[in-house]
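Bear in mind that the values in this text are calculations on the coordinates, not laboratory data. Quick caveat, the model's predicted, so the values are computed rather than measured. Positions of Cβ are backbone-derived with ideal geometry, glycine not excepted, and every protein chain shown enters the neighbour counts.
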Amino acid sequence: MSSLPRLFPASDATKGTEKMRIMAVFKRWEFILVLILAAICVFNSFASPYFLDLHNLFDSTQSFSEKAILVLSMALIIIIGDIDLSVASIIALCGTAVGWLATQGMTTPQLVVASVIVGTLAGMVNGGIIVRFQVPAIVVTIGTMSLFRGISYIILGDQAFSSFPDDFSDLGQGYLGGMIPYEFIVYLVLAVVFAVFLHRTTYGRSIFAMGNNPQAAMYSGIKVDTIRFWLFTVNGMMAGLAAVLFTSRIGATRPNMALGWELEVVATVVLGGVAITGGSGTMPGVILSVFVFGMLTFGLGLVNVPGIIMTIITGCMLIGAIATPIIVRKLSRP
Amino acid sequence: MRRLLQRRENQLAAIIILVVGLITLRAPVFLSMGSIDTIMTDGAILTMMALVQMLAILTRGIDLSVSANMALTGMVVALLSKDHPEMAVTATIVLALGLGLLLGAINGVMIAYVGIPPIVVTLGTMSIYRGLVFQVSGGAWVNAQQMGSAFIAFPTTRLLGLTAIVWIAAVMVAAIYLFLNHVRKGRELYALGGNPTAARYVGINNTHNQMLVYSLIGLVSGLCGYLWVARYAVAYTEIALGFELQTVAACVIGGVSMAGGRGTVLGCVLGSVFLVIIFNALPIINVSPFWQLAISGAVILAAVVLNSRSERSKGKLILKSAQLAAVRGTA
Amino acid sequence: MIMNTADQDKNPVLALQGIKKHFGGVKALDGVTLNLYAGQVVALVGENGAGKSTAVKIMTGIFRPDAGTILINGEAVSLHSTQDAWKNGVTAVHQETVMFDDLSVAENIFMGHLENRRGGLLDWAGMNRRAAQILLELESDIRADMLLNNLSVAQKHMVEIARALSHDSKVVIMDEPTAALSQQEIQELYKIIRRLQAAGKAILYISHKFDEIFAIADRYTVFRDGCFVGEGRIADVNEDELVRLMVGRSVRQLFPKPTVTIGGPVLEVQGLGNDREFEDISFTLHKGEVLGFYGLVGAGRTELMEALFGLKPVTHGAILRNGTPMAHGSPRAVIDQGIVYVPEDRQHSGVILPMSIRNNLTLPSIRALATGIFLNNAKEKALSQQFRERLSIKCANLDQKVSDLSGGNQQKVVIGKWLATRPDIIVLDEPTKGIDVGSKSAVHAFIGDLVKQGLSVIMVSSELPEVMGMADRIIVMHQGRIARSFDRATFSAEAIVAAATGLFARSSQEGAHAQTSSAA
């Protein structure tokens, strides 16, 4: 496109009045998510008297805290225009490692460190292959998705590890003050860290630049490959952390643990307003999205809807969330 | 000889022969007629599904919903067979094709007309279709005793010594080969994947082609759903779970470029054959089937790394000497 | 602008009347007129951004006009696709090479209208035969079954011309067909055009090169800023009049090159090469100097600059910065040495369109502006405001997206973001490509300011007046090598063009060929 037309001098669409700025807030995706979340909560409280119980509410966060941790780092990966389909398999790998190391007599803190290290290494394998050979992340992580879970199958077969140190279960099942699950606190802390990282640091700026235009980012002196490598590494690290929490919560390790989570995580990120093509998205958006999914699952559980129906709803929400704005835009254009 | 080995398909064929040779040394039974027959019958469905997956990948897309489509179609026809055991096989096949086509067309509409990226659409429909399998079956299994006998018998009916499922796959390989190499629409898929802007300049319509691709994938998935359920004589919610990744893996191993526009029918078939041989060889050489997943992962990674060498853009040829060298190399 | 009576009697084969087209709020064409006649070559001239390519895309069905009519043989038609245009006998050789690298030459020629045998299958043998025939007519040695990937830029362009000729067309549009061709190849192209002309086809020839226009065209049409300015017979105008029509004022004032005392060497390149794109590149850049790099499109200038900036590997040679060997492994390393590169492809490599002007302006210097790893909004605002003013970027506010800006203002953002890193050496690759005249002279004035402040500038440009106006020295590249270099005192348009098209370098080049072929 060498023949770039000139700007119409009079038409400054972005010269917004105060009123337009307020309108812009309502058009923001986060605002729509808040509305959806509110609607779900209203529905839930009508559906079941147990919903609006603080203990129940905090309890319900346990069922999604591990996925929510993965959502944070996955959001960064999707913003740079990549994807990591191997996260659930990294969980299986780390879970297996934790299970085996526990039988070798490791203590709880050692198990946590070990899980995070295994996850980090797995993330480095992903990032290393992607960056070194310049191949699409989706293919590499489809490969490692099989490989990591495959290793877990080789070690465990149809067996399970289920003997852990006595205090191990506190991680995933314990509460602060008898009310707030530790897992949820871990999630909240990480959510703040990731939000600050993405929106307030030079790295965050580089991540958005890369996602919008990797070539221009590279020309601007951003070390595109280095950042990609580390984001996959961090994603592996988060999977390692999620794995040890998950293992602690369910008290056993099987090779099929967390099966299919990668897609739920990606769906949550996309519903949170992150463009699957990269370049845009916010942490508040994906955090809200986590709660939308979490509260929806919780509500459906209260009215005894089977879990698999949740997958239908997830699918519909994913497509609906992306299709609606596109269709509205198409219809509003003459 | 070196020129011959430069072609990816030839490399892969050589590797397959080598692997088969090694396995046979260890367990001669691997090359028996019975074993080959099983491999072909097992490989038929993967080959067909990998071929249609290639159509999506050629146009820079992907279809993750194929296995859910297979499961849903398979479950629906199995339930019908349970209620009407006397139903003709042709009717079953027509139904399977029709339902598969419908499910594929839904993907097609969302991708081509609404304009949502294929990975998002098919990720969503994958969940939806899989959930619907549970809905229609109530989570129950349909087992061999409940299905009609003709329904189960058809895929393994023999004609000239080969099973029907192998014949169907053979016809499909030939049809897709013809389509991709000798039909205008087929070549347009390569053009679209190779350079979408240039495709627009020569008036190739992306919308129609995407609709066609995802509908075709649905059609074949529906058929394979029936064949799968009948071949293994059981239908349940988790049927073919994760199979979509095997189809992508077969394509990657066969040298189909995830960046679009590059890939051959032969490569794709060889990729499928390679995976099936590995999977079938494991029990024969006394390796636990639990190794299957890890091996396929390792193979995919190896293929990805090998592909990256041939795909790396080398930059333009500006120097006359470099141009001459390139022309000599290809002549 | 006096219509020749003979032309008035003849009806145009293709006519555009009152065509309007806008993109978003940006007006690309504002009621243009264009008439093409059978057996005549019409030159469409105008500055970059005048709307020529948009008009081409409307005539070939790629864009649909917002208003106005397209007449073919006097009948109004609507062209919804390239196929519609083909059916109406309109084909084009586009400015950018739009081809399929993984497909064969024959397939590239026929893609979009692949031919079937009876029975609905493709007629490969027939298409290969016809492709070979067309290439033979073009006197090209390209084989129909070669993969496009293995062709040079000029050869690809020839395939694109062959593609246009594969249609049975009444109108052939050539959008800057000679940009990548050598002098000899251009002569071949003239022959082809004359043959098409003799066959009664109407030809629209778009070019910036006046010698070509006067050599080949019968008529001219001028666009300026999306408007029709005038048309007439080439025989009735001279170069100056045409330029005045294009620009709307005299061009002489365009190059405000100040005289600057040139200092010592700041960058020395010695024997640089990478085996594929360029070799044996040696030159020295001095403080306060504007060093021009001229050559045909595809001569290897951009590739050389990318290598200099750490974007491409180098296999031999050395780069010295202030006399010491310089690390050039990554753009970051090079930027840290005070060297910045403003790439030719603004939209893909220069700016990040969906991001704000502020974020674009501060992107390369973001680390210097930060407190630790945390962004410092106040510093960022101050810096971006400073460069908005310094470059007079026209925008409502700095939070506007760069995609909302005009080409010229986008280019200012690109230059601004690099100046914000306070460099010593700035490499400008086609700095005025595709921007309007006003912004163009602003960019030129700015280059002058830079050297006055002691910066050194490398300017890659394919526009001869620009290099000759701005540069202290000109290095001419041809097929990846330095063909010749000129000091300001010895600048001569003829000699520079001759060097760029390989006329001076030919004897030594042929010697090199003989060597490589005998070695192989």
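The figures follow:
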{"item": "Order of A:Met179, A:Met257, C:Met468 - criterion: other Cβ atoms within 10 Å of each residue's Cβ, fewest first", "result": "A:Met179, C:Met468, A:Met257"}
{"item": "Rounded to whole Hz, the Karplus (6.51, -1.76, 1.60) HN-Hα couplings of segment C:272-281, x for glycine and proline", "result": "6, x, 9, 6, 10, 10, 7, 8, 6, 8"}
{"item": "Residues with amide H under 5 Å from that of A:Tyr175, placed H, sequence gap 5 or more", "result": "A:Tyr182"}
{"item": "Proxy reagent accessibility, fewest Cβ within 10 Å first, across A:Met237, A:Met310", "result": "A:Met310, A:Met237"}
{"item": "Other protein chain Cβ atoms within 10 Å, averaged over every residue that makes up C:329-338", "result": "3"}
{"item": "Neighbour net charge for A:Phe184 - beta-carbon separation under 13 angstrom, K R +1, D E -1", "result": "-1"}
{"item": "Paired Rg and Dmax values of segment C:154-300, which use every Cα atom, in angstrom", "result": "20.4, 61"}
{"item": "Acute angle (nearest 10 degrees) that the helix B:184-194 long axis makes with the longest principal axis of chain B, alpha-carbon atoms", "result": "60"}
{"item": "P(r) of chain C over all Cα-Cα pairs, binned every 20 Å from zero, in whole percent", "result": "20, 52, 27, 2"}
{"item": "Nearest-20 debye value, chain C charge dipole, Cβ charges on Lys, Arg, Asp, Glu", "result": "1200"}
{"item": "Per-selection Rg to Rh, chain A - Cα, Kirkwood hydrodynamic radius", "result": "1.01"}
{"item": "Rotationally averaged projected area of segment B:212-275 (alpha carbon convex hull; nm²)", "result": "5.0"}
{"item": "HN-Hα J in Hz across segment C:464-473 - Karplus 6.51, -1.76, 1.60, θ = phi - 60°, x for Gly and Pro", "result": "4, x, 5, 4, 5, x, 9, 7, 7, 9"}
{"item": "Kirkwood-based Rg to Rh ratio, segment A:61-259, C-alpha trace", "result": "1.00"}
{"item": "Whichever lysines have a C-alpha closer than 20 Å to that of C:Lys209, once near sequence neighbours (fewer than 8 apart) are set aside", "result": "C:Lys52, C:Lys191, C:Lys433, C:Lys440"}
{"item": "Cα long-axis angle, helix B:8-26 against chain B (0 to 90 degrees, to the nearest 10)", "result": "50"}
{"item": "Principal axis box of the protein assembly as shown, alpha-carbon based, largest edge first, Å", "result": "92, 73, 63"}
{"item": "Total formal charge among the other residues, if their Cβ is under 10 angstrom from that of C:Thr221, Lys/Arg +1 and Asp/Glu -1", "result": "+1"}
{"item": "Against the rule of thumb 2.2 N^0.38 Å, how large the Cα Rg of segment C:76-202 comes out", "result": "1.04"}
{"item": "Order of C:His22, A:His55 - criterion: other Cβ atoms within 10 Å of each residue's Cβ, fewest first", "result": "A:His55, C:His22"}
{"item": "Excluding exposed DSSP-loop GluC sites (Glu not before Pro) (at most 13 other C-beta within 10 Å), longest clean stretch of chain C", "result": "C:140-520"}
{"item": "Pairs of Cα atoms farther than 21 Å apart, segment A:225-334, %", "result": "51"}
{"item": "Within chain C, helix-based [θ] at 222 nm, where runs of 4 or more DSSP H residues each add -39,500 (n - 2.57), nearest 500", "result": "-10000 deg cm²/dmol"}
{"item": "Amide hydrogen neighbours beyond the local backbone of B:Gly203, cut-off 5 Å, H modeled", "result": "C:Thr82"}
{"item": "Degrees separating the helix A:18-27 axis from the principal Cα axis of chain A, which is the longest one", "result": "40"}
{"item": "Set of aspartates and glutamates with alpha-carbon distance to C:Lys10 below 16 Å, sequence-local pairs under 8 removed", "result": "C:Glu75, C:Asp218, C:Glu231"}
{"item": "For segment C:45-141, size of Cβ-based charge dipole, Lys and Arg +1, Asp and Glu -1, in debye", "result": "380"}
{"item": "Percent of Cα pairs exceeding the 31 Å cut-off, where the set is segment B:42-278", "result": "19"}
{"item": "Where GluC sites (Glu not before Pro) in DSSP loops with at most 13 other Cβ within 10 Å are excluded, longest remaining stretch of chain B", "result": "B:87-237"}
